[in-house]
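K.L.:
Just passing along the structure, written as structure tokens.
The values are calculated or read from the model by the stated rules, or taken from the named source; none is laboratory data. Everything numeric in this text was worked out from a predicted model, so none of it was measured. Please note: Cβ atoms are built from the backbone with ideal geometry, for glycine as well, and neighbour counts cover all protein chains shown. Just so you know, the surface numbers come from the protein's heavy atoms only, side chains and all, with ligands and any DNA or RNA stripped out. Shrake-Rupley method; radii C 1.70, N 1.55, O 1.52, S 1.80 Å.
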Amino acid sequence: MKRVKVLVVGAGVVGLSTAVCVAETLPYCSVTVIAEKFSPDTTGDGAAGILLPKEFPDIPLERQKRWFKESFDHLLAIADSPQASDAGVYLSSGYQIFKDIPSDKKPFWSDFVFGFRYMTDREMKRFPNHKFGQAFTTIKCECLNYLPWLEKRFRAVGGQIIHEKDEEVYPIRGQILKVSAPWLKNFIRDGDGNTYIYPGIRYVSIGGTRQAEDWRLEVDKEDSEGILERCCRLEPSLRGAQVMCEWVGLRPGRANPRVEHEYLHLQGRQVPLVHNYGHGGCGVTLSWGTALDALDLLRQSLFEKPPQARL
């Protein structure tokens with residue numbers, strides 16, 4: 001097969017995962033990543049990177065399960081390998097707690113993480129404002145390590161990098177604090193997704209905000225105060241923690257991730273276009289699974305007959 005040029009737009013965790021999948025699997029493709037920002041300046045570099053999916057309304061549940069399982073298995077293999085330290089990937093245990101008992105106490109992802117169980121009454125006494133909790137072990141992927149590691153892997157198979165600006169989708173503003181609290185080992189996440197404590201290698205990430213259509217990249221002091229107060233209610237020992245920095249990022253948001261392909265009519269030709277974006281706060285969680293889907297869509301579009309252009 002003749003050489004095929006593939007352009008991947010975006011160098012966050014989804015873009016680089018897709019580029020690596022294509023470059024390593026399809027040797028007849030010449031793959032280039034084009035983006036305005038690369039690590040350490042992407043939104044992913046500030047993300048806590050905990051693998052914990054949410055359920056999207058308009059995507060078949062079996063497809064969502066596959067995305068999460070493939071991402072989990074991929075990162076678990078790295079966590080169990082000698083490359084774990086360089087990649088910043090490791091197992092992390094903790095709790096997800098709820099102010100009200102959820103309608104689905106055993107979510108779809110519970111079969112893929114390790115040791116999923118309901119929290120005991122004794123454990124719940126730590127959180128008097130919450131009625132129900134889940135305990136489990138998942139994976140934490142620190143993008144400050146993982147993205148450069150992916151980029152190195154991409155370059156190793158001949159991938160090319162171009163710095164250039166692109167604009168699309170709407171932002172979901174996220175603000176977190178990075179604090180020094182080395183005594184914390186287990187994560188705690190409120191089931192509403194707005195309050196969480198994620199211990200990491202260098203610091204503990206506490207958050208957060210999810211503000212749609214908000215383009216502000218400046219730190220909001222009221223948001224910081226609210227984050228600190230909510231997290232201290234969950235973990236009082238944080239009142240003695242030193243705030244190392246405050247961070248703001250904009251996630252690409254949609255009601256559902258878009259993972260599909262179409263054709264563009266350019267200069268008399270039908271050119272395949274594969275979409276893989278709009279993961280919101282689930283970028284790390286679903287990155288490898290949707291990258292494999294995008295790879296299959298690309299492979300399909302390269303071998304199928306494109307539709308006839310309308311005159």
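K.L.:
Can you tell me the length gained on complete extension of the stretch LEU61 to SER180, counting 0.36 nm per residue apart and subtracting the Cα distance?
P.N.:
39.0 nm
K.L.:
Filter the chain for me: DSSP H helices, axial length by Cα at least 15 angstrom, mean Kyte-Doolittle hydropathy not below 0.0. List them by residue number.
P.N.:
The answer, listed by residue number, is 13-25, 283-303.
K.L.:
Can I ask one more? Only Lys, Arg, Asp and Glu count, each charged at its Cβ (+1, +1, -1, -1), so figure out the dipole size of the chain about its Cα centre, rounded to 20 debye.
P.N.:
520 debye
K.L.:
Would you work out the relative contact order for the chain, in percent, from Cα pairs under 8 angstrom that are 6 or more residues apart?
P.N.:
Reported relative contact order: 23 percent.
K.L.:
Taking Rg and Dmax of the Cα atoms in Å as the quantity of interest, determine which of [x] 30.0, 117; [y] 23.3, 81; [z] 20.3, 70 was computed from the displayed structure.
P.N.:
Among [x] 30.0, 117; [y] 23.3, 81; [z] 20.3, 70, the one derived from this structure is [z].
K.L.:
Report the residue, chosen from GLY115, GLY44, GLY208, that carries the largest GNM mean-square fluctuation when the chain is represented by alpha-carbon nodes joined by springs under 10 Å.
P.N.:
GLY115
K.L.:
Tell me, in nm to one decimal, what length is gained between LYS106 and TYR28 on full extension, where the rule is 0.36 nm per residue of separation less the Cα-Cα distance?
P.N.:
The span from LYS106 to TYR28 would gain 23.7 nm if fully extended.
K.L.:
Within the chain, which is the longest segment that contains none of the GluC sites (Glu not before Pro) sitting in a DSSP loop with at most 14 other Cβ atoms within 10 Å?
P.N.:
In short, 56-163.
K.L.:
A further question follows. Residue-wise, which Karplus ³J(HN,Hα) couplings in Hz belong to the stretch 45-52, taking 6.51 cos²θ - 1.76 cosθ + 1.60, θ = phi - 60°, and x for glycine or proline?
P.N.:
My calculation for the stretch 45-52 gives 5, x, 6, 5, x, 8, 7, 7 Hz in order.
K.L.:
Okay, next question. Using just the helices of the chain, give the 222 nm mean residue ellipticity in deg cm²/dmol: DSSP H runs with n ≥ 4 each add -39,500 (n - 2.57), and the total is spread over all residues, rounded to 500.
P.N.:
Value at 222 nm, helices only, nearest 500: -9000 deg cm²/dmol.
K.L.:
Given axes a ≥ b ≥ c from the Cα gyration tensor, I'd like to know whether the stretch 145-251 is rounded (a/c under 1.5), prolate (a/b larger than b/c) or oblate.
P.N.:
oblate
K.L.:
With a 1.4 Å probe and all protein chains kept in place, how much accessible area does HIS265 have, in Å² rounded to the nearest 10?
P.N.:
Ignoring ligands and nucleic acids, HIS265 comes out at about 110 Å².
K.L.:
Additional query: Which entries of LYS106/LYS140; LYS65/LYS125; LYS65/LYS140; LYS37/LYS152; LYS69/LYS140 show an alpha-carbon separation above 25 angstrom in the structure shown?
P.N.:
Cα-Cα > 25 Å for LYS65/LYS125; rest within.
K.L.:
Another one. Hey, if we sort TRP149, TRP109, TRP247 by accessible area with the 1.4 Å probe, largest down, what's the order?
P.N.:
Ranking TRP149, TRP109, TRP247 by accessible area, largest first, yields TRP247, TRP149, TRP109.
K.L.:
Would you mind telling me which residue in VAL157, VAL20, VAL248 has the biggest mean-square fluctuation in a Gaussian network model of the chain, where springs connect alpha carbons within a distance under 10 angstrom?
P.N.:
Judging by the Gaussian network model, the answer is VAL157.
K.L.:
Roughly how big is the stretch 1-159's charge dipole about its Cα centre, with Cβ charges of +1 (Lys, Arg) and -1 (Asp, Glu), in debye to the nearest 20?
P.N.:
The dipole magnitude comes to about 160 debye.
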